[in-house]
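The values are calculated or read from the model by the stated rules, or taken from the named source; none is laboratory data. Everything numeric here is computed off the predicted structure, so don't read it as measured data. Every residue, glycine as well, gets a Cβ built from its backbone with ideal geometry; the counts of neighbours run over all protein chains shown. Please note that ligands, DNA and RNA were not included when accessible areas were found on the heavy atoms of the full protein model with its side chains. Shrake-Rupley method; radii C 1.70, N 1.55, O 1.52, S 1.80 Å.
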Amino acid sequence: MNHIATTQHIALSSFLSNATREKQVPAGLIALIKAVADACSSIATAVERGVFDGSSGNAHSENVHGEAQKKLDVVSNDIMIGAVEPVSSLRGLASEELESVQVIGHEDSDGSPDYLLLFDPLDGSSNLEINGIVGSIFSVLATSASGGVIDESHFLQPGVKQVCAGYAIYGATTMFVLTTGHGVDGFTFDGESASFVLTHPQLQIPENTREFAINMSNERFWEEPVRRYVRECVAGASGPRQANFNMRWIASMVAEVHRILMRGGVFLYPRDNRIPQLAGRLRLTYEANPMSFIVEQAGGMSTTGETPIMEVQPDDVHQRIPVILGSRLEVERLLRYHHEAAAA
Ligand code: F6P
Ligand code: MN
């Protein structure tokens, strides 16, 4: 579909002003989204400029998950915090790159809704070494702590409570993809006007697809329903699916989800028994939940294999979760395979 030909060139700021009027999206949330989008365009520049200003390479530090941080992980985290801290509706934030949640000292004075921001400032940052695709992911929760002190417990809300989610993708072009629960809209950064412009309104994930994404090198650790699904895809036209499938693995969740929004498919980072106590690789509150909200708002589906991801009650802001998401019919099939395996 040629998105450009079918839409007006509406800037993100006008789109958001219309959303306040037409969809009753609160002004405090709009201010937060604008700040996040500004941060994302600055992160895009930081990624581009990294090699020139000394911020490429390793930071020689680890994040809370024990993963080696890139300098740009830290820079992107600082950019995001710097951009959103002044937003008066923001009461706290959580990040993949921060061990503890950070409380923002704004007073809850006027009774309007207040928000918490959870984010992965630079997803897929191992791709930086190869000039591959990276992104930023964010989730917004409303907070009920009127007048009270914010702590981690306020962040431990299931994904169904999200009021907004989105990501930026730093690829051949920089895009900002957003949902406030009224479908999913995609904006492309226009260097000439230095603004995000609506290029992909109301994205819908195709139901029927023949593309899957999984890190095959982990096959020996997978659970049986996932093995069965992939086995059947790989068997192709002469197998039970009677169709040839294609496989992709970009090693950046943002890039995988973006591909699924554009042309369908399914993405799996399932439960595996590599490190059994971790229950998966991806993080629930700032990776799996926002991506699930986007995918479901675009007509797709997301599950752990047992439970809808957005119904999982988090018990830690950094907890991990198995992720299966994408085109509805494929995710339903995977869910059926899990149910059949459980019943056997
Ligand atoms: O944030 C975690 C992440 O980088 C995702 O973006 C990506 O899907 C995954 O990890 C890649 O994992 P692996 O290194 O196992 O391929
Ligand atoms: Mn990530």
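Computed values, structure above
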| item | result |
| --- | --- |
| Filtered residues of the stretch 134-180 (kept if within 12 Å of residue 258 (Cα to Cα) and out of contact with any strand residue (DSSP E or B) (no Cβ under 6 Å at 6 or more places or on another chain)) | 171 |
| Positions within the stretch 124-153 being open to solvent by 10 Å² or more (accessible area, probe 1.4 Å) and in a strand (DSSP E or B), in sequence order | 142, 143 |
| Any hit, the stretch 94-108, residues being in contact (Cβ under 8 Å) with a residue 24 or more places away in the chain and over 22 Å from residue 83 (Cα atoms) | no |
| Pairs, first basic (Lys, Arg) in the stretch 193-218, second within 16 Å of ligand 1 (Cβ to nearest atom) and at pLDDT 95 or above, C-beta under 9 Å, six or more apart | 210/265 |
| Filter pass, residue 283 being under 23 Å from the mean Cα position of the chain (by Cα), surrounded by 15 or more Cβ atoms within 10 Å (Cβ to Cβ) and within 16 Å of ligand 1 (Cβ to nearest atom) | yes |
| Number of the condition not met by residue 167 [criteria: (1) under 20 Å from the mean Cα position of the chain (by Cα); (2) open to solvent by 30 Å² or more (accessible area, probe 1.4 Å); (3) among the hydroxyl-bearing types (Ser, Thr, Tyr)] | (2) |
